[in-house]
Ligand SMILES: Cc1ncc(C[n+]2csc(CCOP(=O)(O)OP(=O)(O)O)c2C)c(N)n1
Ligand SMILES: [Mg+2]
């Protein structure tokens, strides 16, 4: 399970890139919630850069601008049941680090409904005790719907600005997320979803809704979007063909015979 990608931290000579000028992505990891401890470490680094004077010198200028960096993490609703998620959320609240946690809640972990895995079927309700209240510091907690782009833009803008400035962690619980093809292209969600749910998902498909949002707000035009869609399909089809061709070449070269690498 090695299909996880990261951005480069080093140039071709092996020297550090200026990470403060880049959007840096740390590689994901396959065990669900396995990314959480590293997310905490990245957020904690910002805190140290801001508060530890020994780090405030030219040697470290490629890594941080006074701890203004936010560590963004994402996780599915079912994966929030893992211990690492809870340990990370607690530690982020205790340490008060700039960690922005987005939970994409599509209501399912593969085919299992959240009623079997999340208390009260809501991670934001479950975590409401983690919220900042009065002089007790915890998390900022926001909820929004995955297809409601204007609200997403405003809650993310507000939440991230606050998180960056004050080093307070923030939870975005994003509900109403859809699974366009079930958990993966190998699944079939018709087997575990009602007709009503499937119809609702068609109407609230986040990709279709984003298209509507772009057009309604004059961000782009129908013609431009059609062109992008056409080129994207072409790109995917060509990539698929190249991958198949490479596979057949590899098969011919393989010592294992025709079935060896399947
Ligand atoms: C520790 C662990 N257990 C089981 C799996 C198999 N697995 C992969 S994705 C998944 C469900 C994830 O559901 P959710 O977190 O809701 O994310 P979604 O795919 O719905 O976005 C499971 C059980 C895994 N990758 N790691
Ligand atoms: Mg899910």
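Values in this text are rule-based calculations from the coordinates and carry no lab data. The structure displayed is predicted, hence computed values, not measured ones. Cβ atoms come from the backbone with ideal geometry, glycine included; neighbour counts cover every protein chain shown.
Here is a list of conditions, (1) under 27 Å from residue 182 (Cα atoms); (2) within 16 Å of ligand 1 (Cβ to nearest atom), and residue 100 meets all of them except one; can you say which number that is?
Status for residue 100: all satisfied but (2).
For the stretch 179-236, enumerate the residues that are more than 20 Å from residue 114 (Cβ to Cβ) and in a loop (DSSP other than H, G, I, E, B).
Residues satisfying the conditions are 185, 186, 217, 218, 219, 220, 221.
Across the stretch 70-102, what is the number of residues that are free of Cβ contacts under 8 Å to residues at least 40 places away in the same chain and either in a loop (DSSP other than H, G, I, E, B) or under 29 Å from residue 16 (Cβ atoms) (or both)?
Looking only at that region, the number is 4.
Just one of (1) within 13 Å of ligand 2 (Cβ to nearest atom); (2) on the phi < 0 side of the Ramachandran plot; (3) out of contact with any helix residue (DSSP H, G or I) (no Cβ under 7 Å at 6 or more places or on another chain); (4) in contact (Cβ under 8 Å) with a residue 24 or more places away in the chain trips up residue 110, so point out which.
So the condition that residue 110 fails would be (2).
Go through the stretch 118-151 and report how many residues are free of Cβ contacts under 8 Å to residues at least 40 places away in the same chain, part of a loop (DSSP other than H, G, I, E, B) and surrounded by fewer than 16 Cβ atoms within 10 Å (Cβ to Cβ).
Residues meeting the conditions: 2.
Taking residue 207 as the residue in question, decide whether it is without any contact (Cβ under 8 Å) to a residue 40 or more places away in the chain and in contact with a strand residue (DSSP E or B) (Cβ under 8 Å, 6 or more places away or on another chain).
Judged against the criteria, residue 207 is a match.
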